[in-house]
Amino acid sequence: MARTLPVLTLCCAASALAQEAKPPADAAAAGAESGTTTAGGTTRVIIGGGIGGASGAKFKVNGQTVSFKDRFQGSTDDTAIVAVKVATFGIALKPGFYAGLDLTGIAKGGNVPRAGAPATLDKTYVQITDYFAALTYFPWESGLFVKGGFGISTFGLAVENGTTTHASGLGLLLGAGYALNLTGSHHLTFTVEQAWQSYGGSSTTKPDSSQFTPFFLGYLYKN
């Protein structure tokens, strides 16, 4: 009997230590109930990207509004405007409500006749990029969602003859979309957004502001 007491004491001590090391079940349950974590205690996130096009892309320079179409007037090989949702990421703050980052860019290129020398073609490229902090809200687990963002925007216009224009400022984004659940945490998304940029004043070449309406077909991971 005397020999069994130390064994029982050791077993009780090990059991107590195991209970202390085990994550609190009530804390995990509270996180799952709040919608910020899964039932297994994993933080809920959204991660995605997409590709598409854009309409209404234009910028204001020296008091004049210039559309992307106008800037490539006379070009016979200009590309369509390509829009890329490089990345979207969010962490759940409450059920369906995510805070994170959103990176978007649009671009267009082509050979444009040189002013005063139309027989000479200059390879031209224009791009706008938004680096935003973003909020995304899903009223339901999947389906409709809305989003908004604010942050840094950059503008770039490069011409083969050596003319290069760069500008940076602040931008704003509003958008809405639909996430179609494929299986588990995987979704196919369609998103339409409206973005505005302000570059703090213009010159003969530097733009004062710009805007565009991108649309994307993309993928979203949402656990």
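The values are calculated or read from the model by the stated rules, or taken from the named source; none is laboratory data. Nothing here was measured: the structure is a model prediction, and the numbers come from that model. Using ideal geometry, Cβ is built from the backbone for each residue, glycine included, and neighbour counts are taken over all protein chains shown. Note: accessible area is taken over every heavy atom of the protein model, side chains too, but ligands, DNA and RNA are not part of it. Shrake-Rupley method; radii C 1.70, N 1.55, O 1.52, S 1.80 Å.
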Quiz item: Does any residue of region 152-161 turn out to be open to solvent by 20 Å² or more (accessible area, probe 1.4 Å), over 18 Å from Gly53 (Cβ atoms), under 13 Å from the mean Cα position of the chain (by Cα) and among the β-branched types (Val, Ile, Thr)?
Solution: yes
Exercise. Report yes if some residue within region 105-116 is farther than 16 Å from Val66 by Cβ and without any contact (Cβ under 8 Å) to a residue 12 or more places away in the chain; otherwise report no.
Key: yes
Quiz prompt | Among residues of region 50-71, those that are assigned to a strand (DSSP E or B) and in contact (Cβ under 8 Å) with a residue 60 or more places away in the chain, counted | solution = 12
Quiz item: How about region 72-104: which of its residues are more than 17 Å from the chain's Cα centre (by Cα), among the hydrophobic types (A, V, I, L, M, F, W, C) and open to solvent by 50 Å² or more (accessible area, probe 1.4 Å)?
Solution: Ala80, Leu93
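Could you tell me whether Ala57 is touching a helix residue (DSSP H, G or I) at 6+ places or on another chain (Cβ under 7 Å) and buried (at least 18 other Cβ atoms within 10 Å of the Cβ)?
Details: touching a helix residue (DSSP H, G or I) at 6+ places or on another chain (Cβ under 7 Å): yes; buried (at least 18 other Cβ atoms within 10 Å of the Cβ): yes.
Answer is yes for this residue.
Quick one: in region 197-223, of everything that is among the hydrophobic types (A, V, I, L, M, F, W, C) and open to solvent by 60 Å² or more (accessible area, probe 1.4 Å), which residue is nearest to Ser67 (Cα to Cα)?
Taking region 197-223 as the starting set, the residues that turn out to be among the hydrophobic types (A, V, I, L, M, F, W, C) are 212, 215-217, 220.
This time we only want the ones that are open to solvent by 60 Å² or more (accessible area, probe 1.4 Å), so: 215, 217.
On the way: Phe215: 18, Leu217: 24 Å.
By that ranking, first place goes to Phe215.
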Exercise. Looking only at region 174-196, decide whether some residue is touching a strand residue (DSSP E or B) at 6+ places or on another chain (Cβ under 9 Å), touching a residue at least 60 places away in the same chain (Cβ under 8 Å) and open to solvent by 40 Å² or more (accessible area, probe 1.4 Å).
Key: no
Quiz item: Which ones in region 120-157 are without any contact (Cβ under 8 Å) to a residue 24 or more places away in the chain and of a type in the set (Phe, Trp, Tyr)?
Solution: Phe150
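Each row is one residue, and each column tells you yes or no for (1) aromatic (Phe, Trp, Tyr); (2) in contact with a Phe, Trp or Tyr (Cβ under 7 Å, 6 or more places away or on another chain); (3) modelled with pLDDT of 90 or more; (4) within 21 Å of Leu180 (Cα to Cα).
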| residue | (1), (2), (3), (4) |
| --- | --- |
| Ala16 | no, no, no, no |
| Glu20 | no, no, no, no |
| Ile46 | no, yes, yes, yes |
| Gly49 | no, yes, yes, yes |
| Asn62 | no, no, no, no |
| Thr65 | no, no, yes, no |
| Thr88 | no, no, yes, yes |
| Ala92 | no, yes, yes, yes |
| Tyr98 | yes, no, yes, yes |
Exercise. Check off (1) open to solvent by 50 Å² or more (accessible area, probe 1.4 Å); (2) touching a helix residue (DSSP H, G or I) at 6+ places or on another chain (Cβ under 9 Å) for Val126 and give me the number that stays unchecked.
Key: (1)
